[in-house]
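The values are calculated or read from the model by the stated rules, or taken from the named source; none is laboratory data. Computed from a predicted model, the values in this text were never measured in an experiment. Reconstructed Cβ throughout: ideal geometry from the backbone, glycine too, with neighbour counts over all protein chains shown. Just the protein is used for accessible areas: all its heavy atoms, side chains included, with ligands, DNA and RNA removed. Shrake-Rupley method; radii C 1.70, N 1.55, O 1.52, S 1.80 Å.
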Amino acid sequence: MKLFKIIRILILLLLLASVAFYSKTQKLKSQSWASPLNVVIYPLNADNSPEVADYISGLKEDDFIEIDDFFQRQSKNYSIVTPQPTLTTLGQTLTDHFPPTPTPNSSPLEIIWWGLKFRYWAFRYTPDSESNHHRVRVFLHYHKADDNSVLQHSLGMDKGLLAIVHAFGDKRQQAQNNIIIAHELLHTVGATDKYGANNQPAFPEGYANPDKTPLHPQKKAEIMSARIPLTVTKSVMAETLKQCVINQQTAKEINWSAL
Ligand SMILES: [Zn+2]
């Protein structure tokens with residue numbers, strides 16, 4: 001048991017050293033914004049239900065167009081090279097192999113181990129082609145829409161350009177799903193969360209317009225908190241990406257410079 005643990009740690013360190021360099025170059029490329037960042041959505045039926053299967057078979061690339069529109073609109077407030085920051089496409093539906101999921105309350109070592117397994121899985125089942133070097137892969141786990149169920153947390157990794165998104169497979173949820181995808185996508189290129197206690201947007205960084213007087217109510221949400229502050233203690237979830245903004249702090253994190 002002990003020997004197994006030591007071997008596991010050694011393998012882990014070896015892998016970490018070898019992927020560190022790759023992550024660094026990948027990150028610099030994805031943050032150059034010289035050409036559109038390719039975003040590929042891989043849908044999967046997370047609860048294996050016929051309803052979700054139906055929903056997935058009806059998905060079109062157009063269902064995600066709001067994401068590219070959002071990044072294009074927001075980039076006009078900053079100075080970046082490409083006129084189109086993202087190019088979102090619908091990849092193949094995953095049926096046989098699903099990405100490894102992180103277990104809740106894992107130790108830091110277990111999380112690192114999961115991260116490596118996830119990256120290996122993505123490399124194996126959704127391989128990179130020559131032309132597809134900077135690509136964000138979004139593994140979109142669709143669940144049956146149910147008012148009582150709580151979805152697992154979505155996550156975007158800033159190493160490896162990979163995101164796991166949990167969403168409801170329902171047309172009425174599409175606009176909200178696109179907010180979650182844009183949020184996790186931003187994590188993969190270096191943006192941090194901007195909410196504090198009780199999920200309330202942190203001030204000033206989680207506000208779309210921190211200089212507004214009076215400060216409340218705000219009209220829009222900063223995408224990394226995704227909630228519109230109404231008072232100091234109250235906020236509502238943005239309904240569409242049209243209500244979301246990339247503020248200066250987030251722009252700085254993803255290497256968009258001020259005009
Ligand atoms: Zn987040």
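So here's what we get for this one:
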quantity: Scan of the range 132-160 for residues that are farther than 16 Å from His187 by Cβ and at pLDDT below 90, ordered by number; calculated: Asn132, His133, Ala145, Asp146, Asp147, Asn148, Ser149, Val150, Leu151
quantity: Filter result (within 15 Å of the ligand (Cβ to nearest atom) and touching a strand residue (DSSP E or B) at 6+ places or on another chain (Cβ under 6 Å)) within the range 168-184; calculated: Asn177, Ile180, Ile181, Glu184
quantity: Filter pass, Ala163 being over 18 Å from Phe70 (Cα atoms), within 11 Å of the ligand (Cβ to nearest atom), at pLDDT 95 or above and not aromatic (Phe, Trp, Tyr); calculated: yes
quantity: Of all residues making up the range 129-153, the number that are open to solvent by 30 Å² or more (accessible area, probe 1.4 Å) and within 14 Å of the ligand (Cβ to nearest atom); calculated: 3
quantity: Residues located in the range 18-38, provided they are open to solvent by 70 Å² or more (accessible area, probe 1.4 Å) and among the small types (Gly, Ala, Ser); calculated: Ser18
quantity: Within the range 171-187, tally of residues that are in contact with an Asp or Glu (Cβ under 9 Å, 6 or more places away or on another chain) and open to solvent by 10 Å² or more (accessible area, probe 1.4 Å); calculated: 6
quantity: Where Asn105 falls short, out of the listed (1) surrounded by fewer than 20 Cβ atoms within 10 Å (Cβ to Cβ); (2) under 22 Å from Tyr42 (Cα atoms); calculated: (2)
quantity: Test: Gly190 is among the small types (Gly, Ala, Ser), out of contact with any helix residue (DSSP H, G or I) (no Cβ under 6 Å at 6 or more places or on another chain) and surrounded by fewer than 21 Cβ atoms within 10 Å (Cβ to Cβ); calculated: no
quantity: Unmet requirement for Pro201, which otherwise passes all of (1) at pLDDT 95 or above; (2) surrounded by fewer than 22 Cβ atoms within 10 Å (Cβ to Cβ); calculated: (2)
